[in-house]
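Notes for the one structure printed next.
The values are calculated or read from the model by the stated rules, or taken from the named source; none is laboratory data. This structure is a prediction, so every number in the text was calculated from the model and none was measured. Virtual Cβ from ideal backbone geometry, glycine too; neighbours counted across all protein chains shown.
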Amino acid sequence: MGCASEILACADLLANFDAQIPVTVELSEEISTATTAQRADVSRCTAAMRDISEAAEETATRARDEAGAARRLSATATSLDTTLSKFLLADDTMVEAVTARAREVERRFEAALGAGEITMEALFSADYRPIPGVAPAQFMTDFVPLTDRILPDLLEGVYALGDFLEYAVVINKDGFLPTHNKKFSNPPRLDDPVWNAANARNRRFFSDRVGLTAGRSTAPVLIQSYRRDMGGGKFVTMKDISAPITVRGRHWGGFRMGYKPAALKSALVRAA
C-alpha cells in the first residue's frame, strides 16, 4: 500500500513535470527572443555611442580648425587693413600735396598779375602758335614765358614726396600743358618724333580724356587712372590726381600729379 502510494505520487509528479515542459519551452523561446532583441538594442546603443563619439571628435576638430581659420582670417584682415591704411594714407598725402600746389600756383599767378608781369587776357590766352618742324607738335602762347619762369621749382619739388612720383604739371582748360618737369622738357629733336613724345612733353596739347578732364574739372580733387602714351607704341599705366586752379574767380585749369601704382606699392612696402 505504501509502495503503491509512492508510485502514484511519482506518476503525478511526472505528469505535472511533463505538463510544464511546453511552458518552459515557451518561456525559453521568449527569453531567447528577448535576449536577441536586447543584443540588437545593445548593438544599436554601441553604434550610437560610437557615432556620438566620432561626431564629438569631428566637432572638436572642426572647432579647432575654425578657431585656426578665424585666427588666420583675423590676421589677414589686420594685414589688409594695415596695407589699405597705408594706401589711403598715401592718397590722403597726395590729395594734400596736389591741393596745396594748386593753391600755390594761384598765389603765383595772382602775384604776377598784381606786379603787372602779365594780364588776365594773356594768362587766359587761346592764341596757340605752332613751333615749326616739331613733332609731336609744340606751341607757344602768351603765358608760356611766365609759367616757364615761375613754376619749375614748384614742379620739381614734388619729387621730394617720394620716388613713386612721375610728373607734376599745370594744364589749362584746353588741355594745353605749357611747362613740364625738367626731365620731360628737353629740346625737341627735329627728326625724332618718338624720342620727342617721351622727352619733350612741354608746350603740347594733351587732349585725351584724362588730360581734358583734369584741366576742366572743378571738383576739389580728381583721381584718374590711364595708360600714358610715351610714343613709339609704349604705354605706362599711371594714376593721375589733380586739383583746379582758379584766378580771380575764373577757372584757369588744373594742377596734375602722376605716379605709377606699382611704384607706389613698392614704396609702401619699403616703408612698412
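Key figures for this structure:
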quantity: Subset of the range 228-272 [modelled with pLDDT of 75 or more, under 21 Å from the mean Cα position of the chain (by Cα) and among the charged types (D, E, K, R)]; calculated: Lys239, Asp240, Lys260
quantity: Residue list for the range 206-227, filter: closer than 22 Å to Thr93 by Cβ, among the hydrophobic types (A, V, I, L, M, F, W, C) and assigned to a loop (DSSP other than H, G, I, E, B); calculated: Ala219, Val221
quantity: Which numbered condition Leu155 misses (of (1) closer than 24 Å to Thr93 by Cα; (2) in a loop (DSSP other than H, G, I, E, B); (3) modelled with pLDDT of 95 or more); calculated: (2)
quantity: Members of the range 119-144 found to be over 17 Å from Gly253 (Cα atoms) and without any contact (Cβ under 8 Å) to a residue 60 or more places away in the chain, listed by number; calculated: Arg129, Pro130, Pro132, Gly133
quantity: Tally, over the range 207-221, of residues that are under 20 Å from Leu155 (Cα atoms) and modelled with pLDDT under 95; calculated: 2
quantity: Members of the range 158-187 found to be part of a helix (DSSP H, G or I) and in contact (Cβ under 8 Å) with a residue 40 or more places away in the chain, listed by number; calculated: Val158, Leu161
quantity: Some residue of the range 121-141 being of a type in the set (Lys, Arg) and in a loop (DSSP other than H, G, I, E, B); calculated: no
quantity: Residue within the range 183-195 that is in contact with an Asp or Glu (Cβ under 8 Å, 6 or more places away or on another chain), of a type in the set (S, T, N, Q) and at pLDDT 95 or above present; calculated: no
